[in-house]
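Since the structure comes first, as structure tokens, the remarks are kept for the end.
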Amino acid sequence: MTGVETRSDSRDSLFLLANVSIENESEQHRVRVRNLSDGGMMGEGPMRVARGNRVTVELRNVGKIKGNVAWVQDQRFGIAFDEEIDSQAARKPSGAPQESSVGSAMMSHAHRAPPPPKPQNIRKV
């Protein structure tokens, strides 16, 4: 991996557990989530995955999310989610009351890449 930052989503370091299963396999693996964003996560654990594997991740307060293994290095791996999640929900204690959808969307917005500029707002030099 290079030192060049190519990600568009910000992420927070954290420590929580998730269940991951590889598509077409019944076994679930308990892995540590080392960082999490709305678009993906870095996991760590003794499960064997390969780049391109389809997986399902189960996160507390979020549920099951399908994704794709983007990279693997030793026991760490990156998963790109098929759809964005509210990563802030996974950080809340299990069973914590959920805020209204407006409140959680507002809080989660801080962890998403800004929308692209509108073409009419771009200055030509």
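A short reminder: the numbers here are calculations on the coordinates, not readings from a lab. Remember, predicted model here, so these are calculated numbers, not experimental data. FYI the Cβ positions are ideal-geometry reconstructions off the backbone, even for glycines, and counts take in every protein chain you see.
Placing pseudo-labels 7 Å out from each Cα toward the beta carbon at E84 and N61 gives an inter-label distance of 1.9 nm. 3J(HN,Hα) along region 55-69: 9, 10, 10, 10, 10, 4, 6, 10, x, 8, 10, 8, x, 10, 6 Hz, from the Karplus curve 6.51 cos²θ - 1.76 cosθ + 1.60 with θ = phi - 60°, whole Hz, x for Gly and Pro.
The phi-based Karplus calculation (6.51 cos²θ - 1.76 cosθ + 1.60; θ = phi - 60°) puts the 3J(HN,Hα) values of region 116-121 at x, x, 6, x, 6, 9 Hz, whole numbers, x for Gly and Pro. Distance between the 7 Å Cα→Cβ label points at Q28 and A50: 2.6 nm. Using the Karplus relation 6.51 cos²θ - 1.76 cosθ + 1.60 with θ = phi - 60°, the per-residue 3J(HN,Hα) values for region 19-31 come to 9, 10, 10, 7, 3, 6, 10, 8, 6, 9, 10, 8, 10 Hz, with x marking Gly and Pro.
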